[in-house]
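Read-outs: derived from the displayed coordinates by stated rules, not from any lab. All of these numbers come straight from a predicted model, not from anything done at the bench. Note: ideal-geometry Cβ built from the backbone for every residue, glycine included; neighbour counts use all protein chains shown.
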Amino acid sequence: MRGAIREVGNPVVEPASKGRRYKLISSDSHVNEPPDLWTGRVPEAFKDRAPKMEHFEEGDAWVIEGVKDPINFGMNACAGLAPEEMKGWARFDEIRKGGWDPASRIAEMDEDGVDAEVLYPSPRLANAIVANRDVEYHNVMIRAYNDWISEYVEYAPERFGGLVILPNRGAEGAVAELERVIDRPGIRGVQIGCWPNGTLQVQPEDDKVFGLLAERKIPLSIHVALGQSMPSAHRAKLPGYGRFFDAPNRMIELIFDGVFDRFPELDVFFAEVDFGWVPYVKEQIDNNYLRLDAVSKFGLEQLPSEYIARHFHFGYMTDTFGLRNLEYMGAERVLWSSDYPHISADWPSSWRVIQSSMSGISLDDRQLILAGNAQRLYKFGQ
């Protein structure tokens, strides 16, 4: 179905407006990084080590320092294709241009009726950079990506929400990078791969980052899970079915470390984890907390479920169970996402799927889930 992959012209983009009306915002969409993103931006000493795209018999793929397998991208660029054409391997010059060209992306969004998107990097590609233990390499590659995504979203700040990747080789470095880029047009939040201190356990130094995010009211985004391992070729029989597995652990960690007592303005967004599981987790955490607090003396100012209800937000693509049981969750913390241009996207029929999945949900709750929550959290229209 090659007709779905086409050349797109440069549409006229209206200027940013504080009065823009948003009906549909994707809280979790993705870019397809161009082949020269790193080789064209990093200092000469790092060009040979930078992620680069190479041609293989099966298709094109990224070759990345510390990663054994070539990282293909077909499933990250196949939305809208016929099912039989959705494959792991693809040629870069055959995929849609919107992954790396903002003008083309706006045309693709308009075809789907999407007013704005929060943009994440390709997960395995980003993971390979944030997991690299070479501090200088780590910082150089992250800065190159952040500069590129800044230029991308600056094309239409009212349509794009860029997320910068925070380095995780010490909180001081994370703060420095945050301050370097956060005020650029269209940059609306940060994404982390592990805690700023460089581990999977919150440490006191991380307060420097949490405090700055809370002060500036910048949401902290986690895409699916934190991790420190290098990516590999997809070998699971059914990847993606358990995207929420890591999120409860991170929630408990932040709550019981007292992060929200110290920084009551901090917001955390979990992308691509769905939300039907959240009411159950809230019940179970409270149950164990009330049984053990008399002995353990956790020292929390609220019940764990109250922290979850106030500080965490959850992005979903398909969660019919969650929508049918929205009364146990509350619409204020649920954000729709398209995941475009990945395989999970319903492009260009997102509205058709939304209408069928939201039968019985009030208009007010629909507005919050489809646009209002993302507009508030990421300050679209401000």
* Sticking to Cα atoms, compute the Rg of segment 301-363 to one decimal and its Dmax as the biggest Cα-Cα distance, whole number, in Å. => 13.8, 46
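Once the Cβ-Cβ distance between THR318 and PHE245 is put in as r, and R0 is 22 Å, what FRET efficiency do you end up with, to the nearest 0.05?
Working: r = 17 Å, r/R0 = 0.77.
The calculated FRET efficiency here is 0.80.
Which value results for Rg/Rh of segment 58-137 when Rg is the Cα radius of gyration and Rh the Kirkwood radius based on the inverse mean 1/r? Display every interim value, and only then the final one.
On the way: Rg = 14.8 Å, Rh = 14.5 Å.
With Rh from the inverse mean 1/r over Cα pairs, Rg/Rh is 1.02.
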* What are the residues whose amide H is under 5 Å from the amide H of ARG96, where those residues sit 5 or more places off or on another chain and H is modelled from the backbone? -> none
* Could you check which residue among GLY258, GLY99, GLY80 shows the biggest mean-square fluctuation in a GNM of the chain with a 10 Å Cα cutoff? => GLY258
* Note down the magnitude of the dipole of the chain about its Cα centre, charges +1 on Lys and Arg C-beta and -1 on Asp and Glu C-beta and zero elsewhere, to the nearest 20 debye. => 280 debye
* To do: Per residue of segment 88-93, in order, report the coupling 6.51 cos²θ - 1.76 cosθ + 1.60 (Karplus, θ = phi - 60°) as ³J(HN,Hα) in whole Hz, putting x for Gly and Pro.
  => x, 9, 8, 9, 4, 6
* How do LYS68, LYS52 rank when sorted from fewest to most other Cβ atoms within 10 Å of their own Cβ? -> LYS68, LYS52
* Asked: Separation between the GLU85 and ALA233 pseudo-spin-labels, each 7 Å from Cα along Cα→Cβ, expressed in nm?
  -> 2.5 nm
* **segment 111-150-segment 191-269 distance, computed between alpha-carbon centres (Å)** => 16 Å
* Among ASP69, ASP93, ASP319, determine the one that fluctuates most according to a GNM of the chain built with springs between C-alpha atoms less than 10 Å apart. => ASP93
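Going by how many other Cβ atoms sit within 10 Å of their own, how do SER359, SER338 line up, fewest first?
Ordered by Cβ neighbours within 10 Å, fewest first: SER359, SER338.
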* Sorted from fewest to most neighbouring beta carbons within 10 Å, what does the list VAL175, VAL295, VAL114 look like? -> VAL295, VAL175, VAL114
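Which length gain, in nm to one decimal place, applies between SER357 and GLU306 when the Cα-Cα distance is subtracted from 0.36 nm times their residue separation? The partial results should precede the final answer.
Details: separation 51, 0.36 × 51 = 18.36 nm, distance 2.79 nm.
Gain in length upon complete extension: 15.6 nm.
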* Structure fact -> Which residues qualify? For ALA61, with a placed amide H closer than 5 Å and at least 5 residues away or on another chain, they are GLU54, PHE56
* Structure fact -> Between ARG20 and GLU205, the FRET efficiency computed from the C-beta separation at R0 = 35 Å comes out, to the nearest 0.05, as 0.35
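Per the helix-only calculation at 222 nm, which mean residue ellipticity applies to the chain, given -39500 (n - 2.57) for every DSSP H run of n ≥ 4 and division by its residues, nearest 500 deg cm²/dmol? Numbers along the way, then the final one.
Working: 13 runs with 125 residues, N = 382.
Taking each H run of at least 4 residues, the total per residue is -9500 deg cm²/dmol.
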* To do: Subtract the Cα-Cα distance of ASP183 and GLN284 from 0.36 nm times their separation in residues, and report this length gain in nm to one decimal.
  => 32.4 nm
* To do: Choose one of GLY242, TYR328, THR199: the residue whose Cα lies farthest towards the positive end of the charge dipole of the chain (beta-carbon charges +1 Lys, Arg; -1 Asp, Glu; about the Cα centre).
  => TYR328
* Rg followed by Dmax, in Å, when segment 127-258 is reduced to its Cα trace -> 15.1, 43
* To do: Apply the Debye scattering formula to the chain, with a single equal point scatterer on each alpha-carbon and no solvent, then give log10 I(q)/I(0) at q = 0.07, 0.09, 0.14 Å⁻¹.
  => -0.30, -0.50, -1.29
